[in-house]
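Report on the structure given below.
The values are calculated or read from the model by the stated rules, or taken from the named source; none is laboratory data. Given the structure is predicted, the values throughout are model-derived calculations rather than measurements. Neighbour counts run over all protein chains shown; Cβ positions are idealised from the backbone, glycine included.
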């Protein structure tokens, strides 16, 4: 191909300059970003920070969208756990006669349900990240992890709202003469919640990465989460579990987290620290694995879904 | 001149066929069976999937320096959008690296990420954030965005109540006011009614001027020629040609013209109802001449007289008593620009020359399809296409009219004040 240099046109370099090791005579500048087939992570932590405003807007978007055009609006968040608690009271407390420690059954179930909702909604939403946001991901680049983060945060806000209602219920019981003690252990609550969020993020990310290839995994997730709840000390305390099944609980980080959460709130159950540490370690491993899988999937998911 | 985008050996492989559509259990069982077989044989067999591989891009290397605008051209499926997706980090290449120096925004499609329940105002901020702007940046541009969209009255209405046109206008307005350093544009971005489309095109040109560098994907060769200095022609995922726009664009036009002509010929044949219209005569050769310098099949854009000469051979033994020759000139897209029909008189088998004189031919630089049809009693008997196509070359000394449009006329404008009565 012959080239005719002309005054109007800038010279066209057909040989990439890096082949010669120069940069147009200028000192080499750091690239704003590099796309590399060999490297997995394109969502650099610095990138995530740069897009923090998008994160806030996405949280706001998801949060506000729930209220619009619904009959009960925000009341949904409070009606659902109450209804579930009522069913649990009838089935597990009245019929199956499962103990609820010293707590009134309503407080026991309500506290369990709201924290389980936080975990399971976070997990299932994170797991469907690529399916629900695929259309945007295909057109615009932003660090993909922003979406899971915002979904977990949105669920956390819901949880806080429900927690306030729980405190209202506790106040009501106290007023009517029940003995429910809140203690300083409540200060450790954020740690336990962070543990749960991390577990939801990690597992959700692993499943999200897998849904790129196997779409029906999302149905399995909803189903599994339902079963998981029954193994996670949401509807019965550890003391109700027979001794020979106790070691199995150790394998379930959520059992330990739910238990720690209740003991932070009410100081009723005595927890040893050991299962919580094991659960936290499992969680950290899952979270790292999850983010790795997610980062690997985010580069290629547009090719398959 | 510092480098802005540096792409080195980019390739992208897709898997075709069943590979990605297998269910999980099939995947697992296939792997287990393969593993067992290998165990039985005691050696590792290489995975066989190469037949299902499809390379959407193969070994693409190029770079853009500051101030340059690159056009990416090629037919549908040539890999243009895959390349753009790699550059803008939407998908990862199979091999290779891209280094980008500067804030890059790709406007591949507008309006993605709008939330229907949100007002226009909220969506401007949301969309801005997705495209990498801070709240402060968006606030600075907010008035200009609203102004450009012409939707000031509806800015607090949820976008679900917008008409499609309004929605697209708002979306384009956000995208068009990002002021990135490097911008990737898709020409189909221009949306809305004719007036707004014009506004879009003007804005696109402004964006290109404001930024450090730009990449434009376009099928309109006039835009490519007017906006871009360098041009990358992709064909089947490989670089067919990379260089100054004029050269690449004319080669590309030449290549696509062949296809348009083939289609055009087929269409003409079908319309005329004659199965083999070229059976009766062939075009041996053709040439074009103008007073300005001209090579056999090309002329330089000018005002000079142009003469076409066609050497036609009528099959021996045939005779046309009331023949007519219809000359037609079409642009590279097949749009007929000019036709002329004249009597041939009585002609017998053998070679003859047909000469067509035009006082001037005010065409823009580019490729044009020339063809002749011989008619007998208004019934076409031969369709003759001139190959190679007519090329009109750029004339540096000749005053060019604007880049839009098909004709190149040395227009002159003068302004006079209307005297008060």
Practice task
Looking only at the stretch A:238-259, decide whether some residue is in contact with a strand residue (DSSP E or B) (Cβ under 6 Å, 6 or more places away or on another chain) and in contact (Cβ under 8 Å) with a residue 12 or more places away in the chain.
Solution key: no
Exercise for the section: Please verify whether the stretch B:177-194 includes one or more residues that are exposed (fewer than 15 other Cβ atoms within 10 Å of the Cβ) and over 20 Å from residue B:70 (Cα atoms). Expected result: yes
Practice task
Output the number of the condition that residue A:106 fails; it satisfies all remaining conditions of (1) more than 30 Å from residue B:229 (Cβ to Cβ); (2) modelled with pLDDT under 75.
Solution key: (2)
Exercise for the section: Pick out the one residue from B:60, B:90 that is at pLDDT 90 or above and within 18 Å of residue B:184 (Cα to Cα). Expected result: B:60
Problem - Hits in the stretch A:86-121 - residues which are in contact with a helix residue (DSSP H, G or I) (Cβ under 7 Å, 6 or more places away or on another chain) and without any contact (Cβ under 8 Å) to a residue 40 or more places away in the chain - result: A:89, A:93, A:105, A:121
Handout entry: From the options B:344, B:329, residue that is at pLDDT below 85, in a strand (DSSP E or B) and surrounded by 15 or more Cβ atoms within 10 Å (Cβ to Cβ)
Key = B:344
Exercise for the section: Would you mind finding the one in A:297, A:276 that is away from every other protein chain (no Cβ under 14 Å), closer than 22 Å to residue A:197 by Cα and assigned to a helix (DSSP H, G or I)? Expected result: A:276
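For (1) under 22 Å from residue A:223 (Cβ atoms); (2) out of contact with any strand residue (DSSP E or B) (no Cβ under 7 Å at 6 or more places or on another chain); (3) part of a helix (DSSP H, G or I), each residue gets a yes or a no:
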residue	(1), (2), (3)
A:97	no, yes, no
A:120	yes, yes, yes
A:148	yes, yes, yes
A:162	no, yes, yes
A:173	no, yes, yes
A:200	yes, yes, yes
Practice task
Answer with yes or no whether residue A:106 is surrounded by fewer than 21 Cβ atoms within 10 Å (Cβ to Cβ) and part of a loop (DSSP other than H, G, I, E, B).
Solution key: no
Problem - Extreme residue, modelled with the lowest pLDDT, among residues of the stretch B:1-18 that are surrounded by fewer than 14 Cβ atoms within 10 Å (Cβ to Cβ) and either outside any loop (DSSP other than H, G, I, E, B) or within 10 Å of chain A (Cβ to nearest Cβ) (or both) - result: B:18
Exercise for the section: Scan the stretch A:34-61 for residues that are at pLDDT 80 or above and farther than 11 Å from residue A:145 by Cβ and report the count. Expected result: 14
Problem - Some residue of the stretch B:68-84 being farther than 29 Å from residue B:259 by Cα, more than 7 Å from chain A (Cβ to nearest Cβ) and out of contact with any helix residue (DSSP H, G or I) (no Cβ under 6 Å at 6 or more places or on another chain) - result: no
Handout entry: Single residue of the stretch A:282-303 satisfying the filter (surrounded by 19 or more Cβ atoms within 10 Å (Cβ to Cβ) and over 13 Å from the mean Cα position of the chain (by Cα)) that is nearest to residue A:126 (Cα to Cα)
Key = A:294
Practice task
Of the conditions (1) without any contact (Cβ under 8 Å) to a residue 60 or more places away in the chain; (2) surrounded by fewer than 22 Cβ atoms within 10 Å (Cβ to Cβ), residue B:97 clears all except one; give me its number.
Solution key: (1)
Handout entry: From the options B:103, B:135, B:92, residue that is without any contact (Cβ under 8 Å) to a residue 12 or more places away in the chain, surrounded by fewer than 19 Cβ atoms within 10 Å (Cβ to Cβ) and either at the interface with chain A (Cβ under 7 Å from one of its Cβ atoms) or touching a strand residue (DSSP E or B) at 6+ places or on another chain (Cβ under 8 Å) (or both)
Key = B:135
Completion exercise
Of the residues in the stretch A:132-160, those that are touching a residue at least 60 places away in the same chain (Cβ under 8 Å), surrounded by fewer than 18 Cβ atoms within 10 Å (Cβ to Cβ) and within 9 Å of chain B (Cβ to nearest Cβ) come to A:138
